[in-house]
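Taking it in order: structure first as structure tokens, then the write-up.
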There are 2 protein chains.
Amino acid sequence: MATAISNDRLLRVLRGEPVDCTPIWVMRQAGRYLPEYRATRNQAGDFLTLCKTPELACEVTLQPLRRYALDAAILFSDILTIPDAMGLGLSLEEGLGPRFARPLRSRADIDALPVPDPGDELRYVTDAVSLIKRELKGQVPLIGFAGSPWTLATYMVEGQSSREFTRIKGLIYNDPAVAHTLLDKVARATSAYLRAQIEAGVDLVMLFDTWGGALSHRAYHEFSLAYMRAILAELPAGVPTVVFTKGGGPWLESIAASGCSAVGLDWTVDIGEVRKRLGDGITLQGNLDPAVMLTKPSVVAEEARRIVDAMGAGGRHIFNLGHGITPEVPPEHVSVLVDTVHEHSRRYHCA
Amino acid sequence: MATAISNDRLLRVLRGEPVDCTPIWVMRQAGRYLPEYRATRNQAGDFLTLCKTPELACEVTLQPLRRYALDAAILFSDILTIPDAMGLGLSLEEGLGPRFARPLRSRADIDALPVPDPGDELRYVTDAVSLIKRELKGQVPLIGFAGSPWTLATYMVEGQSSREFTRIKGLIYNDPAVAHTLLDKVARATSAYLRAQIEAGVDLVMLFDTWGGALSHRAYHEFSLAYMRAILAELPAGVPTVVFTKGGGPWLESIAASGCSAVGLDWTVDIGEVRKRLGDGITLQGNLDPAVMLTKPSVVAEEARRIVDAMGAGGRHIFNLGHGITPEVPPEHVSVLVDTVHEHSRRYHCA
């Protein structure tokens with residue numbers, strides 16, 4: 001039995017219904033820029049324990065909502081929970097970035113890879129979702145998420161963050177069939193994972209394709225977008241979905257046609273031009289340069305207004321940054337952002 | 001008195017004249033993947049000495065032409081010669097990336113910045129150009145180049161390579177007037193530098209905007225493209241120009257309208273679609289994913305043919321990678337690339 005959601009601006013926008021102002025949430029809103037987050041994380045000991053302890057994951061999910069008039073909560077977790085559940089041995093040390101103890105180095109490694117049962121190895125995630133939903137008390141919608149299969153595969157094959165993606169690109173070019181085997185497994189694991197998050201109560205889901213933008217036009221469609229499309233096709237009808245490829249500016253039409261409800265934008269595109277390109281049949285999410293959050297309150301407000309103005313009247317827009325908020329952002333800048341977006345966008349809405 | 005150029009395919013394409021096949025050169029073709037380059041570099045001691053010694057710079061410029069049927073030579077140098085000549089104290093250590101001993105940290109630093117005289121502090125570059133032109137004996141055209149003012153400014157303000165560009169973005173958002181003062185100085189230095197290269201004999205020039213793609217749509221136009229346009233306006237008529245912004249896919253129309261003769265493409269865009277967007281009034285350069293060069297000969301050939309096919313018949317195309325060739329590329333893969341492009345593109349040309 002679902003609780004009614006009192007602030008449903010974000011869900012209304014996704015359904016194309018009128019709203020009083022533009023909803024906003026912030027990628028990585030539960031994060032290191034918040035002192036209360038750092039305190040809970042210290043209590044957990046490390047990032048992965050924080051993800052895997054539902055009570056603590058719930059606590060940090062709710063923290064930004066206590067400070068800011070945000071229009072959504074997002075499950076506190078990490079895109080690498082799936083490869084971790086597949087047995088690759090994830091470690092997430094600050095400053096070093098993610099590392100896998102057992103990266104995929106051969107076709108045999110890929111063939112041996114298990115598809116985890118989200119009710120078992122990933123139970124801590126669905127437990128966190130249930131707990132967060134209970135604690136949210138219908139205040140705002142809860143966003144579930146996963147990484148795109150391509151993005152997960154980059155970490156699984158490289159073993160860590162990469163700039164050039166030499167190993168994974170070697171795989172897709174030299175052994176495309178093996179790459180497809182891997183991506184298909186990850187996609188199946190991901191759709192099961194997102195279905196479990198939905199059953200546990202998330203109101204919408206987002207796919208983060210952080211590294212799709214490293215691919216060529218053709219390779220993006222074959223090795224990244226195709227698997228996001230496959231995942232979307234496996235999700236229950238009626239649950240809104242957001243697809244975000246960082247650096248995906250050249251491919252927004254293809255993303256919009258993937259079956260998603262909303263297209264995430266980084267900050268390189270002009271949202272007004274994107275609205276013209278894609279039309280009003282789809283919702284846009286984004287697109288503030290995260291570097292703006294490090295400037296000063298007047299600039300944060302000015303740049304936020306500029307995006308709201310570029311989007312214009314009656315558009316379907318969920319305001320967000322074009323990538324995650326960074327640890328050095330002064331927390332008061334987020335207040336300025338959220339309040340400016342709400343206030344300045346009222347002139348463009350009529351509900 | 002200019003020597004006639006025997007292989008002028010590249011210049012013909014830039015003028016919109018028919019060619020027998022698609023010309024090709026490779027960004028960083030004089031580079032660490034070549035054993036003879038590494039030998040000369042070891043002889044020089046370090047990278048900067050190699051740049052600053054005209055005989056050695058000439059030698060490495062010519063090395064790839066002895067191995068491959070390339071359609072152009074490119075001056076061996078570095079985009080950071082200008083800030084070095086401005087007194088910032090450049091060091092280029094392998095693996096560490098470029099560093100400046102005296103990065104710009106205040107408005108006073110920027111106001112005090114001298115605009116170097118290319119006939120004096122940068123004389124080693126024009127000397128290298130004269131020497132290369134003499135040694136080339138009109139075999140192929142020689143490309144001169146510079147970094148874009150925005151790209152140079154990122155290094156000058158950050159002091160080194162950056163992922164987030166926090167300082168320089170802080171400057172453009174918090175103190176745009178100071179940022180413009182800096183960019184204007186760098187643009188004036190750059191146009192004088194390119195004019196000097198042209199006087200010394202280069203046949204065309206290219207602007208490398210490696211970090212323009214880190215900017216928002218609006219900031220790109222204001223802080224990167226505007227200064228490249230200003231430089232192009234200061235160059236003598238009749239000298240072809242190439243502008244390349246890595247990650248510039250969303251802005252190709254604006255780049256094409258900047259006054260350049262050719263638009264550089266990274267590998268995220270489909271060159272066939274770009275040709276449709278921009279029309280046949282401008283030349284395109286690119287757009288192979290550099291990661292392909294690390295795969296195997298059959299894949300190098302296949303991916304090269306795919307781009308030639310995507311470009312189609314009668315188009316104005318200079319084949320290249322979408323970014324610099326990397327040190328681990330087997331030298332024989334470059335032969336495969338060059339020969340495949342020449343051979344496969346003949347069917348699309350009629351000269």
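The values are calculated or read from the model by the stated rules, or taken from the named source; none is laboratory data. Worth saying up front: this structure is predicted, and the values here are computed from it rather than measured. When we count neighbours, we look across all protein chains shown, and the Cβ atoms used for this are built from the backbone with ideal geometry, even at glycine.
What the table below lists for this structure:
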item: Filtered residue count, the range B:148-174, keeping only those that are of a type outside the set (F, W, Y), under 14 Å from B:G213 (Cβ atoms) and touching a strand residue (DSSP E or B) at 6+ places or on another chain (Cβ under 7 Å); result: 2
item: Complete set of residues in the range A:31-86 that are hydroxyl-bearing (S, T, Y) and either closer than 24 Å to A:V338 by Cα or without any contact (Cβ under 8 Å) to a residue 40 or more places away in the chain (or both); result: A:Y33, A:Y37, A:T40, A:T49, A:T61, A:Y68, A:S77
item: Matching residues in the range B:311-324 - criterion: being in contact with a helix residue (DSSP H, G or I) (Cβ under 6 Å, 6 or more places away or on another chain) and under 15 Å from B:D289 (Cβ atoms); result: B:F319, B:L321, B:H323
item: Helices (runs of 4 or more DSSP H) fully within the range A:24-98 counting 2 or more residues that are hydroxyl-bearing (S, T, Y); result: A:35-44
item: Single condition B:A237 does not satisfy, out of (1) within 30 Å of B:I5 (Cβ to Cβ); (2) without any contact (Cβ under 8 Å) to a residue 12 or more places away in the chain; (3) within 14 Å of chain A (Cβ to nearest Cβ); result: (3)
item: Selection from the range A:99-120 of residues that are among the aliphatic types (A, V, I, L, M), under 18 Å from A:R188 (Cα atoms) and assigned to a loop (DSSP other than H, G, I, E, B); result: A:L104, A:L113, A:V115
item: Failed item, numbered, when B:E94 is tested on (1) on the phi < 0 side of the Ramachandran plot; (2) surrounded by 15 or more Cβ atoms within 10 Å (Cβ to Cβ); result: (2)
item: Residues located in the range A:72-88, provided they are surrounded by fewer than 21 Cβ atoms within 10 Å (Cβ to Cβ) and either within 11 Å of the chain's Cα centre (by Cα) or at pLDDT below 95 (or both); result: A:D78, A:I79
item: Any hit, the range B:215-233, residues being within 22 Å of B:G144 (Cβ to Cβ), in the same structural domain as B:P176 (by TED's automatic domain parsing) and not in a helix (DSSP H, G or I); result: no
item: Residue that is within 14 Å of chain B (Cβ to nearest Cβ) and closer than 27 Å to A:L96 by Cα, where the choices are A:T245, A:T190; result: A:T245
item: Entirely in the range A:252-351, the helices (runs of 4 or more DSSP H) that have 1 or more residues that are farther than 17 Å from A:D209 by Cβ and either under 20 Å from the mean Cα position of the chain (by Cα) or of a type in the set (S, T, Y) (or both); result: A:271-278, A:297-311, A:331-345
item: Which listed residue, of B:G213, B:G238, is of a type outside the set (K, R) and buried (at least 17 other Cβ atoms within 10 Å of the Cβ); result: B:G213
item: Residue in the range B:144-160 that is under 21 Å from B:P64 (Cα atoms), away from chain A (no Cβ under 14 Å) and touching a Pro at 6+ places or on another chain (Cβ under 7 Å) present; result: no
item: Considering residues of the range B:193-228 that are over 22 Å from B:P116 (Cβ atoms) and within 17 Å of the chain's Cα centre (by Cα) only, the residue farthest from the other protein chains (Cβ to nearest Cβ); result: B:D203
item: The lone exception for A:D184 - which of (1) away from chain B (no Cβ under 14 Å); (2) touching a residue at least 60 places away in the same chain (Cβ under 8 Å) it fails; result: (2)
item: Some residue of the range B:8-21 being at pLDDT below 95 and assigned to a helix (DSSP H, G or I); result: no
item: Unmet requirement for B:L142, which otherwise passes all of (1) free of Cβ contacts under 8 Å to residues at least 40 places away in the same chain; (2) touching a strand residue (DSSP E or B) at 6+ places or on another chain (Cβ under 8 Å); result: (1)
item: Condition met for A:E332 (farther than 14 Å from A:I24 by Cβ, modelled with pLDDT of 95 or more and more than 13 Å from every other protein chain (Cβ to nearest Cβ)); result: yes
item: Cβ pairs under 9 Å, 6+ apart, first in the range B:286-298 and more than 7 Å from chain A (Cβ to nearest Cβ) and over 19 Å from B:G272 (Cα atoms), second of a type outside the set (D, E, K, R) and assigned to a helix (DSSP H, G or I); result: B:M293/B:V300; B:M293/B:H333; B:M293/B:V334; B:M293/B:L337; B:P297/B:H333; B:P297/B:S335; B:P297/B:V336; B:S298/B:V336
item: The range B:167-179 residues that are more than 10 Å from chain A (Cβ to nearest Cβ), paired with ones that are buried (at least 18 other Cβ atoms within 10 Å of the Cβ) (beta carbon under 8 Å, 6 or more apart); result: B:V178/B:I110; B:V178/B:L171; B:A179/B:A153; B:A179/B:I168; B:A179/B:L171; B:A179/B:I172; B:A179/B:F223
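Residues are listed down the side, and each one gets a yes or a no for (1) surrounded by fewer than 16 Cβ atoms within 10 Å (Cβ to Cβ); (2) under 21 Å from the mean Cα position of the chain (by Cα):
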residue	(1), (2)
B:G119	yes, no
B:G144	no, yes
B:S148	no, yes
B:E158	no, no
B:L171	no, no
